[in-house]
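Have a look at the structure below before the remarks.
The values are calculated or read from the model by the stated rules, or taken from the named source; none is laboratory data. Here the structure is a predicted model, which is why all the values come from computation and not from measurement. So basically every Cβ, Gly included, is an ideal-geometry build from the backbone, and we count neighbours across all protein chains shown. For the accessible areas, the whole protein counts, side chains as well, though only heavy atoms, and no ligand, DNA or RNA atoms are used. Shrake-Rupley method; radii C 1.70, N 1.55, O 1.52, S 1.80 Å.
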Amino acid sequence: MSNSLNMEKSALNSSTIEELTARNAELEKQNEVLQAKINWLEEQFRLSQQHKFGTSSEKTNPDQLKLSLFNEAEITADLKVEEPTLETISYNRKKYVGQRDTKLENLPTETIHYRLSEEEQVCLCCGGNVHEISSETRREIKVIPAQVTVVEHVQHIYGCRQCEREAIETPIVKAKMPAPVYPKSLASASSMAYIMNQKYVEGMPLYRQEKQLERLGVYLSRQTLANWMIYGATKWLSTLYNRMHELLILNDRLHADETTLQVLAEPGRKADSKSYMWMYRSGRDVPPIILYDYQSTRHSKHPKAFLRGFKGYLHVDGYAGYNDIKDVRLVGCWAHSRRKFDEALKSLPVNIDKKETTAAEGLQFCNQLFRIEKQVNEKFENCTPEQRKEYRLEHSKPVLDAFLTWLKTKRPQVPPKSKLGEAITYTINQWSKLVVFLEDGRLELDNNRGERSIKPFVMGRKAWLFAQSMKGATSSAIIYSIVETAKENQLNPLNYLTYLFEQLPLIDINDVEAIDQLLPWAQTIPTDCRIPNKSK
């Protein structure tokens, strides 16, 4: 009997131990998952705090991860360096005044002289006449605010009195008069250009411009201003846009990027649906062309359609929508990879030594690639593509080989859902695109050129928030394309738009040669449309 009881107790204990062991393993697994979630949330919180209160720059001092930021004075101090003398201070001050004068040399100058009248040219001591011995000059900047005037175009019509008396028909001759930019409208070339410049360059929404014009005594509704924008874009600027599109796809190196846009009245879609503004631009060493393309979705069919006929390299970020474009070789963006390691570093707790972390190691690999790019430009004055390619193969390729080995080693050791895990996974997944820049010295290490070109639209969107209609969004894409391309070609957007609206109604818009004379890089563009060279 006792043996039977002992066997039952032993079986019960064995069963209980197995259950407890299994339960313990299950709880440990749950704890591991929960701890991973907590770590991820803490990373997100620290990164959010960094974005909110920290610096937005991603630049990294090469020594920043090795040296403390709080002993800069001790590190940089050199007791052997002599103190600056009084003469040195005086010299620097005179140089500063000269720099100020140089900054004003491109501006028109209005000179006002202040002299004593003949009655005042009397010596206060003896009563004799005084003569001018010197003068003192004070320089100021005078700003002339916007002014609105009405221009009446009166066309005189002539007839022949003799024909009126004797002939059956009287020929009528009209004096030549410039064609209107918008018939049966108050819009002029200058006013249409001004409204466009205020919105698409200066970021002032139409409702604010409506109030500004009211204060100048002009009462135009924002609907009227919107009609001007749409008409000017679709009737005139679209001709230049289409021509620039034809020229853009003839290049063999381009950049692409995209960002969101809200369009309130899209058929079959809610007002809060996400639409997209795509951006395509030329690379370095060619006339800059920047084109925006509004589309209702982020589908890959849109870049395929826009880039039809293009063959060559396309700088992009990691978005998969560009992957299947025919005859296109994608070039990855090292700035995106570097940014992810930078975020991983910033998401770490404050109380740890960041210079010894895995994230810092990954960031240093990226920084080394960017330093090499800077070195090649410093080593070779006016660096040729061939020199850049050879230098990259000699210096960048060994870094890439070491980095890939490091990535494959660290990947199993890092939680995949952590910020560092995301950085490593992104870089490995994009590796085949990230190394393409070695193939051609004309290619760039990153897609920053594309990101810089889409930023003006992103900044403008913060001001005007949304587009009312698809037609308005398309017009905005055209206008942004013209003004941003003008800026890249060192043109004043306001003066250039005014010139276009003066010239386009006078030419045959189907004449390609005539249109080419109006493109932003054309030598025929007037001098007053160009931005004066900045004096250093």
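Compute the signed sum of charges (Lys and Arg +1, Asp and Glu -1) over the other residues within less than 13 Å, Cβ to Cβ, of GLN262.
On the way: positive: ARG269, LYS270, LYS274, ARG461, LYS462; negative: GLU266, ASP272.
In short, +3.
Show me 140-151, 476-487 ranked by packing, highest mean number of other Cβ atoms within 10 Å first.
So the order, starting with the most tightly packed, is 476-487, 140-151.
A simple packing score, the average count of other Cβ atoms within 10 Å per residue, orders the peptides 185-196, 166-177 as 185-196, 166-177, with the highest score first. Computed in the context of the full set of protein chains, the accessible area of region 215-370 at 1.4 Å probe radius has 49% of its extent on carbon or sulfur.
When a 1.4 Å probe is rolled over the protein heavy atoms, the share of accessible surface on region 164-214 that falls to carbon and sulfur comes to 53 percent.
Its relative contact order, with pairs defined as Cα atoms under 8 Å and 6+ residues apart, puts region 235-289 at 34 percent. Short-range pairs are left out: with C-alpha atoms under 8 Å and at least six residues apart, the relative contact order of region 386-495 is 23 percent. Mean separation of Cα pairs under 8 Å and 6 or more residues apart, divided by the residue count, gives region 443-536 a relative contact order of 23 percent.
Inter-part distance, region 271-306 to region 419-453, computed on C-alpha centroids, equals 19 Å. Descending by average beta-carbon neighbour count within 10 Å, the peptides 325-337, 112-124 line up as 325-337, 112-124, the highest first.
Taking amide H positions as placed 1.01 Å from N in the peptide plane, with prolines and chain starts having none, which residues 5 or more places from ASN447, or on another chain, fall under 5 Å of its amide H? Under 5 Å from the amide H of ASN447 lie the amide H atoms of TRP334, ALA335, HIS336, each far enough along the sequence or on another chain. For region 450-524, the solvent-accessible area with a 1.4 angstrom probe is 45 square angstrom per residue.
Along the charge dipole of region 189-278, pointing to its positive end and built from +1/-1 on Cβ of Lys, Arg, Asp and Glu, which listed residue (ILE195, ASN242, GLN223) has its Cα farthest out? Value computed over the given set: GLN223.
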